[in-house]
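FYI, it's all coordinate maths here, none of it is from the lab. Bear in mind that the values here come from a model prediction, so they are computed numbers and not experimental data. Note: ideal-geometry Cβ built from the backbone for every residue, glycine included; neighbour counts use all protein chains shown.
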Amino acid sequence: MYHPYFRGKQFELITIRETASMMAQAGFTPIIEPVKETLNGLEKTLSAICDSNGKAIVILNPSYGDHSTNGHNISQLLRDSFLDHKNISAGILLNEGMNENIALELLNEHIDHQPCFIHAGFSEPRSLSEKSHGKIHKNIFIEKNCGKLYRKYFKNSERVLIRDGFKKRKNADYPEIEEFSDLHVTYTEEDMEGFGDFLIVGDDYTEGGGPAYAVAIHLTFLDTNKDNVMYIHHFVSTTKDTPTDPAGKFGQALNKLIKAVDAPNSSIFESTAVSELRELHRNGHFPGLGTVKKLSMKHHIETLANYFGG
């Protein structure tokens with residue numbers, strides 16, 4: 001069903017660990033693209049998923065980060081520690097520069113790891129589908145790179161469509177509310193068995209940000225008056241013209257968030273992440289921007305788990 005796509009930064013991995021049990025119960029399968037050289041956090045995260053009887057897909061050949069030129073250590077980690085865990089799948093990223101022979105080598109090397117293809121710009125679908133027939137556990141398509149004509153070649157397996165619903169801007173430029181996605185409602189209309197997104201982070205990868213002239217907290221919600229289409233609420237600090245005082249700006253954004261969730265007939269799900277934000281508001285505490293992003297990601301996962309569980 002739901003396949004949230006994470007880049008393996010610290011707070012993304014913490015988010016997965018803290019929601020591992022919930023995702024396992026909901027039948028969600030996170031996709032993880034490791035971007036940091038050290039794999040200790042990834043190993044700890046995969047162990048938490050296994051302990052919860054959950055599933056995950058780990059990309060062997062990331063496009064970004066410290067393993068973008070050589071994913072050998074990721075392959076070694078799966079072989080050494082997770083070969084006996086049938087719920088941990090090997091993901092092969094098929095981007096624009098991927099050579100078919102290399103893709104097939106990775107496939108055969110990890111044939112015991114329920115291999116999955118993640119299609120992200122590869123240009124020879126017909127040939128690859130013929131040569132990989134019967135060997136692939138799932139075919140996962142990044143929507144912006146894979147039209148219906150491309151996707152039709154891989155009808156012989158479970159198929160998942162990933163849509164980036166997050167329109168990345170400078171924090172100061174976010175509108176109050178905008179549409180995020182309807183794919184959680186319509187993925188079967190796309191002839192898919194599952195769907196996914198890049199949560200509230202988006203597909204654009206950046207290693208680190210500069211000083212925050214504005215602080216934004218992003219919360220997704222479902223509008224029951226519009227067929228449960230998902231929207232995203234951007235709570236942006238009032239102060240936007242100075243790189244100083246991130247704690248004060250967080251407080252401004254958080255005040256707006258609390259006002260919105262407390263409003264009559266609010267559509268924002270009262271998740272555990274929202275409860276944590278309430279606690280931060282009561283205490284006047286700024287936990288750092290990484291933790292704020294983690295809470296937004298947790299809320300997104302909880303909102304979808306509640307939707308499918310309800």
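Sorted from fewest to most neighbouring beta carbons within 10 Å, what does the list Tyr307, Tyr5 look like?
Least to most surrounded, the residues fall as Tyr307, Tyr5.
If you average the alpha carbon positions of the range 254-278 and of the range 95-157, how far apart do those two centres end up, in angstrom? Using only Cα atoms to place each centre, the spacing works out to 41 Å.
On full extension, the segment bounded by Glu193 and Lys256 gains 18.9 nm, given 0.36 nm per residue less the C-alpha separation.
The candidate values were [x] 39, 21, 18; [y] 34, 21, 18; [z] 31, 22, 19; the one computed from these coordinates for semi-axes √(5λ) of the Cα gyration tensor in Å carries the label [y]. Under the convention that each Lys and Arg Cβ holds +1 and each Asp and Glu Cβ holds -1, the size of the dipole of the range 2-162 around its Cα centre is about 620 debye. Give me the net charge of Pro175's neighbourhood, meaning all other residues with Cβ under 10 Å from the Cβ of Pro175; Lys, Arg count +1, Asp, Glu -1. With Lys, Arg at +1 and Asp, Glu at -1, the net is -1. Charging the Cβ of each Asp and Glu at -1 and of each Lys and Arg at +1, and nothing else, the dipole of the chain about its Cα centre rounds to 240 debye. Sort the range 171-310 into rounded, prolate or oblate with this rule: let a ≥ b ≥ c be the square roots of the eigenvalues of the Cα gyration tensor; rounded if a/c is under 1.5, and if a/c is not under 1.5, prolate when a/b is larger than b/c, oblate otherwise. The shape class here is prolate. Listed by Cβ neighbour count within 10 Å, with the fewest neighbours leading, Glu18, Glu37 appear as Glu37, Glu18.
Other residues with beta-carbon under 15 Å from the beta-carbon of Met23 carry, at +1 per Lys or Arg and -1 per Asp or Glu, a net charge of -1.
Going from the fewest other Cβ atoms within 10 Å to the most, the residues Thr220, Thr303, Thr291 appear in the order Thr291, Thr303, Thr220. For the range 2-162, relative contact order (Cα pairs under 8 Å, six or more residues apart, normalised by length) works out to 16 percent. The local environment of Tyr150, defined by Cβ-Cβ distances under 11 Å, has a net charge of +2 under the rule Lys, Arg +1 and Asp, Glu -1.
The packing ranking of peptides 252-265, 178-191, highest mean first, is 178-191, 252-265, where packing means the average number of other beta carbon atoms within 10 angstrom of each residue.
Partner lysines whose Cα lies under 18 Å from the Cα of Lys55, excluding those fewer than 8 positions away in the same chain, are identified as Lys44, Lys86, Lys138, Lys298.
Have a look at the DSSP beta bridges in the chain and tell me what percent are antiparallel, nearest 5. DSSP beta bridges in the chain are roughly 30 percent antiparallel. Within the chain, the selection of entire DSSP H helices by a Cα span of 27 Å or greater along the long axis and an average Kyte-Doolittle value of at least -0.5 returns 289-309.
For the chain, relative contact order (Cα pairs under 8 Å, six or more residues apart, normalised by length) works out to 15 percent.
Rounded to the nearest 500, the 222 nm mean residue ellipticity of the chain from helices alone is -10500 deg cm²/dmol, with -39,500 (n - 2.57) taken per DSSP H run of at least 4 residues.
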